[in-house]
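> Take a look at this one; I'll ask things after.
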Amino acid sequence: MALNGVPYYAEGKDEEKVTDIKAVSYNLENGKIVKSKLDKDNIIKEKTSENWYKIKFALPNVKEGTIIEVKYSIISDYIFNLREWAFQSTIPILESAYKVWIPEYFFYNQTQKGYFPITTEKDSKFTKLTLTYIQEDMSMSRKGHASSSNTFEYREDMFFYRAKDVKAFPDDEYVKTIDNFLTKIEFELNHTKYPNQPIENYTSTWESVNEKLMDNEYFGKALKSGGHLDDATAQLKQSGLTGISLVNAAFGMVKSKMAWNSINSKYVENSLRKAWKDGAGNCADINLNLVALLRQLGFSSNPVILSTRNNGIIHPAHPSMSRFNYVIALVNLDGKQYLLDATDPNAEINLLPVRCLNDKGRIVNEVKGDWINLMDYKPYILNSRYELTLDDALNLKGKALLQFKDYGAYSYRKDIKKVGEADYLKEMENEYKNTTLENLTINGLDSVNKLLSINFDLTKKTNINKTDSLIFFSPAFFAYVENNPFKAETREYPVEMKYPYTIYQTNVITLPENYKVVELPKSYMAKLPDNKGKYTYMVNVNGNVINTSIIFQLNASLFLPEEYKNLRSFYQTIVDKQNEMITVKVN
Amino acid sequence: MKHVVFTLLLSCSFFSVFGQLTYSVDIIPDSLKANANAVVREFDISYERLNLSDYVKKVHIVTTILNEKGKNNAALVIYYDNNSDITEVNGNVFDRNGFITKKVKRKEMRDYAAFENYIMFSDNRALTFLPAINMYPFTIEYNYTVKYKGAVGIETWEPQYSYSLSVQAASIRYKTPSNLELKYLPLNYNFDFTKNESNAEIEYGWKVKNLKAVKKEPFMPTSIEVLPTLLLTPSRFSYERTEGDFSSWENFGKWIYTLNKGREELPVETMNKIKALTNPIADKKEKVKAVYRYMQDKTRYVCVSVGIGGLQTAKASEVDKLGYGDCKALSNYTKALLNCIGIKSYYTVIGNGNCQIRFTDFPSGGQTNHIILCVPLETDTIWLECTSQKMPFGFIGSDNSNRFALLITEEGGKLVRTPTYADSTNLSTANTKLKVNADKSADFQIKRTYSNLAYEWIFPLLYQSSKEQKDYLLEYFADANTTINTFSFKDLSGVSANGVMEASGRLNSFTSTSGNRVFINPAIVFRRNNFSEIKKSRKQPLFIEYGYAYNDTLNIAIPDNCIIESKPADLSFKSSLGEYSIRYENVGQKINIIRRFYCISGTYSTNQLGEIVSFIEKIDNADNDKIVLKNK
């Protein structure tokens, strides 16, 4: 960690101090240990963002086989900044230990995370602190200083965490963030209790998280201002819409009126009014405006705070305010709950941007808050149909119709809008190997909530094998599952997908009149346990027309390590089945 | 009255004569929208040189962003450092009709350390801004002024600075006292050029108009060979209290020489160590090799770019103490080590990768970005890349080979060519044995070697963890559902760079079936390139940086209960891009496949595409031909 620099926090002149930096590299040269120390001149400070700085240094004489030792101290006034400690990294770790002494005045929630066991030892001791107050003499003589001393005796609690022989954590595309699985210990300030003073709560229960947010000027209190939305409210009311259609109209209005500045935050930047006027802001600026607007329209609406995928997961057992970095809107209507995120113009009701799909969020309301599931509201749906004709030169010509729904439509809308409808043909062509696409038409691009359909004509050069009188080919010319993404034999961590999938594909392949099918693969079905996945492959022939019909379903977005073997072989079966060949006799 | 005139002028500049706003998107000609994600509407740079060291640079740029892919073009990025200062910066955002919707102020911009991820020590900073807009199209304007206290060169001007970007109008002006010469080299475009002399000042100007967007295509020549480019360089310059000049490569070399002079001293201890190390070695080349190894074992690469440190090497004694440095420091250190055993070498300024010395008659700073070392021996000249701890001795890779380099000698700079690795010597040879089993599987054994530039394909993997090596092998056979039993990666570099990969295991899904027929697709063991990305419809020439060859032998043993129903025909064909041949030998239950692919380096014009694409398709078909077996 120290090799990437030591981050520290500063607000103006009030900064954390990184001191006593000592770094040594040890090398074995001719049987002797040679020490090289870090020169103070080679330590630099660098500003990395508004409030964060970094101490950086390059160690002398580091080469293969070198052992390096780094020591430093951080002195901080920011008691909420008690550093977490990761016992695991992308390199293997022989031993990692973290010892924390906490004076009795500070109470931290401690959260252990990860898959690797760590041992904890506890102890406590009493210690003394003498504070001397010196009263400065305000007279001109500068002589008499009145001073008084006060000695406190207090308890310090010790926590000693250790882990040994920790395996390296692999980086992987089927994990939201490795942060969720790294073995580590985190500290969240719960409350402080100074002598002769009342308890000051930071967070302690989910109820108090809720209460604090409701009271916060940039969250709950900000929601109370709504005058700036009066015109919008009137306009929406005039539309005559009611119920979920009115919700959708308000959602649409906020989406088109406000642009997201890519900043995740649960707090409003300045005020809802300013953000509305600017037409831009962070996600709280946008979604709290949406909540306020929905309330003015008479709906029961509340904010839902969450932690984005790359920010790690929230642990229900450990109440924490700081882990949340994002807020969306919730509407309760006719006994149903609907989630909305207006930062993304392509988002729909109950179809959140992928960054939000991370386990559970927390509803912030007048009562005491509640959990709400964020995952698996909508799947990725693609329904495709290819009508193909094989000619004597063994090339395919035909038409494709792709219909996307839910996350399918969402992700394609995003892609298409990125390059514009006119240029999308070329992008689409990249998805099809050795295939020329023509006459691409797109329907439903701007009607979010509706089907998105893409039609085109295609010509594909095949490399179908041929002997004197026979040809052989696999009918999966445009297979959805092109390959098995799970190459490793085992896996120690879950596979995390974004959403469930349902893919339908129909192929109608017309052969020349004089061709006759002699061998056909058998229809087939594969299943994952607990109905988590299903693959159906049907193939039949009618004269010189081959019909194949494929249904690929993944009904879950999370697969545990013990389910990995099944998942991997499920994919392999699909790939193998698709590779099975049809034998055709040419007369 | 004056006030009124001013307002009038201002409004004139915002409205065109047709009553549409100047920055309305509707007035962009369709020809500039084609293939474009963004359009540069106005782009004016002016340099004013005040004296030998000081410049003022003013930039005005207005860009219309047509879609989300063009969004990066809306970003403002201004680099600066301790020798420069941004004195003015502001911006405006316009909607599609050209109305101002937002003013951008400096306090909204982000100021951070540039390149922080890969430069350890740097005083380079960047001021950046990206507007929060997701409604397209929109237009953004920036104006800024940067003052420089000393500069070695002037940034190369590329009005069309990226692909899928068109330019409506752009200009650059450069004003200088007439005693300070400016040298310029326009490329790939007939710039509208002006030169005005008055009052001991010269003002140069270049303009471009209506540049259509160019799409990025795979295997393209580098942009300096395709897009309008203007190289500018002051003849004389001053930087950090030193003075140099670009009147010739020789003189530029002299400046570098002076800058680095006296930075070669080493502690006596190290000198003695090197002497003791090399004394027992008789051969001079072997001595150099021992010194190179010593340097590699002792040091590592750390990028340093603080002030003059961007150009001047750190002292050899510093590197000796710290054990790290950048390309300058490590080359200079190696030079110092060789020096102390009486072997002369030259600090060598070079352009790495796409950057390279292309214009021998036009010395300028922008053509170089790297330092290597040249060691001339009586029989042989050795080139050393000093920034890698694992690079084979004398191997300088594709990024340094086959180009001009500037040797820094006592007399000044001398242009020479670095060695070229001949296409046919960049060779990967494989022997693969496959035993096909009665189920879908096959047992395999493979040994593949990589030499010269082909070594670069395997180089990082040779030194990665066994997990990464195994992951590579699992991907190697695509979807054959591979189980790896044994594997090894070895660096066998000697006289030339050479790496070898060996592995054995099982391909669990190797064959496919139809009734009682079994199909073998040998293609999955052949290595291929991404030539399928080359489309006939491409607009740009095809550029193959270096040629190479694949020689594959594949021995397949088929199950006893199978007979061969058909095997593909032997083939051999050529094109200007290269040669391909495949041959099938069949003895009993064994099939041997001998495949050869040879690719020739060079730039191929679009006229040759038809022939090249059909060559690539023929290879694709030949490789995918299957062997058909039948159960007895």
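> Scan the stretch B:588-595 and give yes if some residue there is in the same structural domain as B:Val525 (by TED's automatic domain parsing), of a type in the set (S, T, N, Q) and out of contact with any strand residue (DSSP E or B) (no Cβ under 9 Å at 6 or more places or on another chain), otherwise no. Step through it out loud before you land on a result.
Just the residues of the stretch B:588-595 that are in the same structural domain as B:Val525 (by TED's automatic domain parsing), to begin with: B:588-595.
Checking which are of a type in the set (S, T, N, Q) leaves us with B:589, B:592.
With out of contact with any strand residue (DSSP E or B) (no Cβ under 9 Å at 6 or more places or on another chain) added as a condition, the list becomes none.
No, there is no match, as no residue in the stretch B:588-595 is in the same structural domain as B:Val525 (by TED's automatic domain parsing), of a type in the set (S, T, N, Q) and out of contact with any strand residue (DSSP E or B) (no Cβ under 9 Å at 6 or more places or on another chain).
> Can you find, within the stretch A:50-97, the residue that is nearest to the other protein chains (Cβ to nearest Cβ) among those that are surrounded by fewer than 18 Cβ atoms within 10 Å (Cβ to Cβ) and aromatic (Phe, Trp, Tyr)?
Among those that are surrounded by fewer than 18 Cβ atoms within 10 Å (Cβ to Cβ) and aromatic (Phe, Trp, Tyr), it is A:Trp52.
> I'd like to know if the stretch B:440-448 contains one or more residues that are among the basic types (Lys, Arg), buried (at least 19 other Cβ atoms within 10 Å of the Cβ) and in a strand (DSSP E or B).
yes
> Separate question: Name the single residue, out of those in the stretch B:314-347 being more than 14 Å from chain A (Cβ to nearest Cβ) and of a type in the set (Val, Ile, Thr), that is nearest to the chain's Cα centre (by Cα).
Going through the qualifying residues, I end up with B:Thr334.
> Of all residues in the stretch A:82-110, count the ones that are part of a strand (DSSP E or B), over 13 Å from A:Val166 (Cβ atoms) and among the aliphatic types (A, V, I, L, M).
2
> Whether any residue in the stretch B:523-536 is surrounded by fewer than 20 Cβ atoms within 10 Å (Cβ to Cβ), at pLDDT below 95 and farther than 30 Å from B:Lys216 by Cα is what I want to check.
Taking every residue of the stretch B:523-536 in turn, none turns out to be surrounded by fewer than 20 Cβ atoms within 10 Å (Cβ to Cβ), at pLDDT below 95 and farther than 30 Å from B:Lys216 by Cα.
> Where in the stretch A:481-549 are there strands (runs of 3 or more DSSP E), lying wholly inside it, with at least 1 residues that are within 36 Å of the chain's Cα centre (by Cα) and assigned by TED's automatic domain parsing to the domain that holds A:Val575?
Correct list: A:501-510, A:524-528, A:533-542.
> Quick one: which residue in B:Asn400, B:Asn339 is closer than 24 Å to B:Lys275 by Cβ and of a type in the set (S, T, N, Q)?
B:Asn339
> Follow-up. Would you check if B:Leu434 is under 25 Å from the mean Cα position of the chain (by Cα) and away from chain A (no Cβ under 14 Å)?
no
> Within the stretch B:474-517, considering only strands (runs of 3 or more DSSP E) that don't extend past its boundaries, which have at least 2 residues that are more than 14 Å from chain A (Cβ to nearest Cβ) and not β-branched (Val, Ile, Thr)?
The strands (runs of 3 or more DSSP E) meeting that bar are B:482-491, B:498-507.
> Considering only the stretch B:71-112, give the strands (runs of 3 or more DSSP E) lying wholly within it that have at least 3 residues that are in contact (Cβ under 8 Å) with a residue 40 or more places away in the chain and not aliphatic (A, V, I, L, M).
B:84-94
> Continuing with this model, one more query. Within the stretch B:570-588, can one find any residue that is more than 24 Å from B:Leu474 (Cα to Cα) and touching a residue at least 60 places away in the same chain (Cβ under 8 Å)?
no
> Looking only at the stretch A:328-384, count how many residues are under 15 Å from A:Val291 (Cβ atoms), in a strand (DSSP E or B) and over 15 Å from the mean Cα position of the chain (by Cα).
Total satisfying the criteria: 12.
> Only one of B:Lys574, B:Lys567, B:Lys632, B:Lys626 is touching a Cys at 6+ places or on another chain (Cβ under 8 Å) and not small (Gly, Ala, Ser). Can you tell me which?
Only one candidate passes the filter, namely B:Lys632.
> Which one is nearest to B:Val288 (Cα to Cα), of the residues in the stretch B:332-367 that are assigned to a helix (DSSP H, G or I) and modelled with pLDDT of 95 or more?
Checked the stretch B:332-367; the qualifying residue nearest to B:Val288 (Cα to Cα) is B:Leu338.
> Let me ask something else. Just the residues that are away from chain B (no Cβ under 14 Å) and either modelled with pLDDT under 95 or more than 14 Å from A:Ile574 (Cβ to Cβ) (or both), please, taken from the stretch A:524-546.
Correct list: A:Pro529, A:Asp530, A:Asn531, A:Lys532, A:Asn540, A:Asn542, A:Gly543, A:Asn544, A:Val545.
> Take the residues in the stretch A:146-186 that are assigned to a loop (DSSP other than H, G, I, E, B) and of a type in the set (Val, Ile, Thr), then tell me which one is farthest from A:Tyr133 (Cα to Cα). Can you show your working first?
If we filter the stretch A:146-186 for residues that are assigned to a loop (DSSP other than H, G, I, E, B), which is where we start, we get A:167-177, A:181-183.
Right, trim to of a type in the set (Val, Ile, Thr) and you get A:175, A:177, A:183.
Values: A:Val175: 55, A:Thr177: 49, A:Thr183: 44 Å.
Among residues in the stretch A:146-186 that are assigned to a loop (DSSP other than H, G, I, E, B) and of a type in the set (Val, Ile, Thr), the one farthest from A:Tyr133 (Cα to Cα) is A:Val175.
> Also, quick follow-up: Which of the residues spanning the stretch B:368-379 are assigned to a loop (DSSP other than H, G, I, E, B) and of a type in the set (Val, Ile, Thr)?
Of everything in the stretch B:368-379, those that are assigned to a loop (DSSP other than H, G, I, E, B) and of a type in the set (Val, Ile, Thr) turn out to be B:Thr368, B:Thr379.
> Is at least one residue of the stretch A:560-569 out of contact with any Asp or Glu (no Cβ under 6 Å at 6 or more places or on another chain) and farther than 21 Å from A:Pro170 by Cβ?
The answer is no; no qualifying residue exists.
> From the residues in the stretch A:435-470 that are on the phi > 0 side of the Ramachandran plot and surrounded by fewer than 15 Cβ atoms within 10 Å (Cβ to Cβ), which one is farthest from the chain's Cα centre (by Cα)?
So, considering only residues that are on the phi > 0 side of the Ramachandran plot and surrounded by fewer than 15 Cβ atoms within 10 Å (Cβ to Cβ), the one farthest from the chain's Cα centre (by Cα) is A:Asn439.
> Could you check B:Val152 against (1) modelled with pLDDT under 95; (2) of a type outside the set (Phe, Trp, Tyr); (3) buried (at least 16 other Cβ atoms within 10 Å of the Cβ); (4) within 19 Å of B:Ile61 (Cα to Cα) and say which number it fails?
(4) is the only condition that B:Val152 fails.
> Here are some conditions: (1) of a type outside the set (Gly, Ala, Ser); (2) under 24 Å from B:Gly494 (Cβ atoms); (3) buried (at least 23 other Cβ atoms within 10 Å of the Cβ). B:Lys335 meets all but one. Which one does it not meet?
Condition (2) is where B:Lys335 drops out.
> With respect to A:Asp359, is the statement that it is touching a Pro at 6+ places or on another chain (Cβ under 8 Å), modelled with pLDDT under 95 and at positive phi true?
no
> Turning to a different aspect of this structure: Going by the conditions given, is A:Tyr410 part of a helix (DSSP H, G or I) and either under 27 Å from B:Asn67 (Cβ atoms) or under 31 Å from the mean Cα position of the chain (by Cα) (or both)?
Here the answer is yes, as A:Tyr410 does meet what is asked.
Here is a yes/no grid of residues against (1) in the same structural domain as A:Ser300 (by TED's automatic domain parsing); (2) surrounded by 19 or more Cβ atoms within 10 Å (Cβ to Cβ); (3) touching a residue at least 60 places away in the same chain (Cβ under 8 Å):
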| position | (1), (2), (3) |
| --- | --- |
| A:Thr343 | yes, yes, yes |
| A:Val364 | yes, yes, yes |
| A:Lys368 | yes, no, yes |
| A:Asn395 | no, no, yes |
| A:Leu401 | no, no, no |
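> Right, B:Lys433: assigned by TED's automatic domain parsing to the domain that holds B:Asp552 and part of a loop (DSSP other than H, G, I, E, B) or not?
no
> From B:Ile408, B:Ile382, which residue is more than 24 Å from B:Ala422 (Cα to Cα) and not in a loop (DSSP other than H, G, I, E, B)?
The conditions single out B:Ile408.
> Okay, moving on. Considering only residues that are more than 14 Å from every other protein chain (Cβ to nearest Cβ) and in contact with a strand residue (DSSP E or B) (Cβ under 8 Å, 6 or more places away or on another chain), look in the stretch B:457-469 and name the one that is surrounded by the fewest Cβ atoms within 10 Å (Cβ to Cβ).
It comes out as B:Trp457.
The values are calculated or read from the model by the stated rules, or taken from the named source; none is laboratory data. Values in this document were obtained by computation on a predicted structure and should not be read as measured data. Glycine also receives a Cβ, built like all others from the backbone with ideal geometry; neighbour counts cover every protein chain displayed.
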